[in-house]
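Read through the structure below, which is laid out as C-alpha cells, and then see the notes.
The values are calculated or read from the model by the stated rules, or taken from the named source; none is laboratory data. Quantities reported herein were computed from a predicted structural model and do not represent experimental measurements. Every residue, glycine among them, receives a Cβ derived from its backbone with ideal geometry; neighbour counts consider all protein chains shown. What goes into the accessible areas is simple: the full protein's heavy atoms, side chains included, and nothing from ligands, DNA or RNA. Shrake-Rupley method; radii C 1.70, N 1.55, O 1.52, S 1.80 Å.
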Amino acid sequence: MLATKRPHAQATRFMFASLTFLFCLAWPLGAQVAPEVSEIFRQASEAMQRGKLNVAGDGFEAAARSAPAFAEAHFNLGLVREEQGRFEEAIASFQKALALKPRLHGANLFLGIAYFRLNQVDKAFAAIQKESISYSKDAPAWMWLGVVRLAQDKPEEAAEALDTAATLAPDDMDILYHRGRAHLLVSKNSYARMFKAGPKSWRVHQVLAQANAEADRHTDAVAEYLAAIKLAPSQPGLHEELGSEYRSLGKVHEAEESFLRELEIAPHSVLAKYELGVLAVEQTDGAKGKELIEAALKEKSDLLHSDYNLGRAEMLLGNDAAAAQHLERATSATGSDPEVIEQSWYQLGIVYRHLHRTQDAQKAMATFQRLKDAEAENSQKALKRYEAQQNPNAAQPPPSPENPQ
C-alpha cells in the first residue's frame, strides 16, 4: 500500500489545474437565484480563476448562505476547500450539492478525490464509481476510478478502468502513466503466480528468456530458450525466438538452424520464414532472400523493415529500379528503427548512382550524412548526461564574462 500513495497526491495536483478551472466556470443553467447572489457567485468564480482561493471561498460561502438551495455554490465552495487541503469541509460541501442535485456534473468525482486524500479509499471508490456511471464519457472519472482501484490493490480492475480512460483520452499523460503502472502490476502478479504454480514449466524459462532479450542479455536469453526447448521441444515459437537471439549474437549458422527447425514444427511461421530471408540477404543470396521475404509478406503484409530488406535483395540481383522503390518506402516507414532509415538513405544513394540519377544520389547521401551526424551528436549528449549522473559533484566550469550565471 505504501508504494501506491506517492503518485496519488501527484495525480491530484495534476487534475486540479484543469478540472477545477472547468467546473468553477460552469455557470448553473436555469438557476433561480437573486441578482445579488448571482453577482457574488460571478465574482467568486473570477477570484478562483485568478487563484485567489480565500476570496473565492468567502464568496461561494456567502452565496450558499444566502441561497441554501444553490447547489453550484456548495459545489464550487467544495472545490475551493479541496484545493486548500481542507478535505472534511470539501466533503460536506459536495454532499450538500449532491443532496440538492444528485447528478451534478463533477460533484461525485471531487467528493471521491477528497475521500481519497483522507485515505478513505472505499468511500472514494463508491463516489467516483457513481460519477463514471452518470458520465460514462468523462475520462477523468475513469482515470480516478483506476487510481483508487490501485490503492485498493486491485490492479486488474484498475487496468480495466484506465483502459476505458485511455480510449476516451488517448494522449493524456496522467492516464497513460497510471494505465502503464496498472498493467505492469497485472503482469507482475501473473508471472509471480506462474512461477509459484509451475517453477519447472517451460513457460517460466520462456518468460525469463524474453526478459533477458528485452534487457539485451542475449547469451542469458539463449540459455533460457534452450532450457524451455528441452522441456517442450515441439512448442511453436520457441525455436523462432531462439533464432532471433542467436542472430543478435552474430551466430548465423545457429540462427539459421533454429529458424529451419521452427518451420518443421510450424510450416506457416511467418517470422521464421522472414528471418531466414533476411539472413539470406545478409549472406548476399538475393534470390533466396527475396523468395522467402515475399512468401512471408503474402501471409503478413506489414512486417517491420520489409521494404529495406527487399530493397537490399533487389540490389543483390541487380534490379536497381525495383530496389529504389522499396528503399524510398523504407526511408519513411512508420515505426522503423532510425538506424534502418539511415541505412536506407545510404543504399538509396548507391542505387540512384547505378540509375544515373546523380542529383537524387547526392541528396540521398547528404540526408544519410545528416542523420549520421545527428546520431553522433545525440550519442555524445547521452554520454555527457550519463557522466554527469555518475559524477554529480564534478566541478562546474566557471562562468564566462560574456555569459555570467
Quiz item: Got the relative contact order for the range 128-199 handy, in percent, Cα pairs under 8 Å and 6 or more residues apart?
Solution: 26
Self-check item: Point-to-point label distance, Asp171-Gln84, nm (Cα→Cβ direction, 7 Å offset)
Solution: 3.7
Quiz item: How would Ile91, Ile40 line up by accessible area, probe 1.4 Å, largest first?
Solution: Ile40, Ile91
Quiz item: Dipole of the chain, Cα-centred, from +1 at each Lys and Arg C-beta and -1 at each Asp and Glu C-beta, to the nearest 20 debye?
Solution: 1240
Quiz prompt | Cα centre as origin, Lys/Arg/Asp/Glu Cβ charges: the range 165-208 dipole, Debye | solution = 500
Quiz prompt | Accessible surface, per residue, of the range 180-242 when the full set of protein chains is kept, probe 1.4 Å, Å² | solution = 60
Exercise. Report the trypsin sites (Lys or Arg not before Pro) located in the range 226-319 that are in a DSSP loop and have at most 14 other Cβ atoms inside 10 Å of their Cβ, or state none.
Key: Lys300
Quiz item: So what's the range 46-132 giving for Rg/Rh, alpha carbon basis, Kirkwood Rh from the mean inverse pair distance?
Solution: 0.97
Quiz prompt | Cα-based Rg and Dmax for the chain, where Dmax is the largest Cα-Cα distance (Å) | solution = 30.5, 87
Quiz item: Can you run phi through the Karplus equation (6.51, -1.76, 1.60; θ = phi - 60°) for the range 365-376 and list ³J(HN,Hα) in whole Hz, with x for Gly and Pro?
Solution: 5, 5, 5, 4, 5, 5, 5, 5, 5, 5, 4, 5
Quiz item: Toward the positive end of the charge dipole of the range 217-266, about the Cα centre and with charges on Cβ (Lys, Arg +1; Asp, Glu -1), which of Leu226, Ala266, Gly243 goes farthest?
Solution: Leu226
Quiz item: Across 10 Å bins from the origin, how do the percents of Cα pairs in the range 72-217 run, short distances first?
Solution: 13, 31, 28, 15, 9, 5, 0
Quiz item: Quick one: accessible area per residue over the range 108-156, 1.4 Å probe, rounded to a whole number of Å²?
Solution: 38
Exercise. Please give the FRET efficiency for Ala388 paired with Ala215, using the beta carbon to beta carbon distance and R0 = 25 Å, rounded to the nearest 0.05.
Key: 0.60
Quiz item: Rounded to a whole number, what % of the accessible area of the range 178-311 do carbon and sulfur atoms account for, probe 1.4 Å?
Solution: 53
Exercise. Kindly provide the helix-only [θ] at 222 nm of the chain, computed as the sum of -39,500 (n - 2.57) over DSSP H runs of four or more divided by all residues, to the nearest 500 deg cm²/dmol?
Key: -24500 deg cm²/dmol
Quiz item: Can you pull the percent of the range 47-130's accessible area that's carbon plus sulfur, 1.4 Å probe, other chains left in place?
Solution: 49
Quiz item: Just the projected area, averaged over all directions, of the convex hull on the alpha carbon atoms of the range 253-356: how many nm²?
Solution: 6.3
Practice problem: Determine the per residue accessible area of the range 295-372 with all protein chains present and a 1.4 angstrom probe, expressed in square angstrom. | Solution: 56
Exercise. Answer with one residue from Leu150, Gly198, Ala182: the one whose Cα lies farthest towards the positive end of the charge dipole of the range 145-199, charges on Cβ with Lys, Arg +1 and Asp, Glu -1.
Key: Gly198
Quiz prompt | Linear extension gain, Ala99 paired with Leu184, 0.36 nm per residue minus alpha-carbon span | solution = 26.7 nm
Exercise. Could you quote the convex hull projected area for the range 141-245, Cα atoms only and averaged over all directions, in nm²?
Key: 8.0
Practice problem: Once you have the Cα-Cα distance between Ala376 and Lys251, take 0.36 nm times their residue separation minus that, and quote the gain in nm to one decimal. | Solution: 42.2 nm
Exercise. Using Cα pairs closer than 8 Å and at least 6 residues apart in sequence, work out the relative contact order for the chain, in percent.
Key: 6
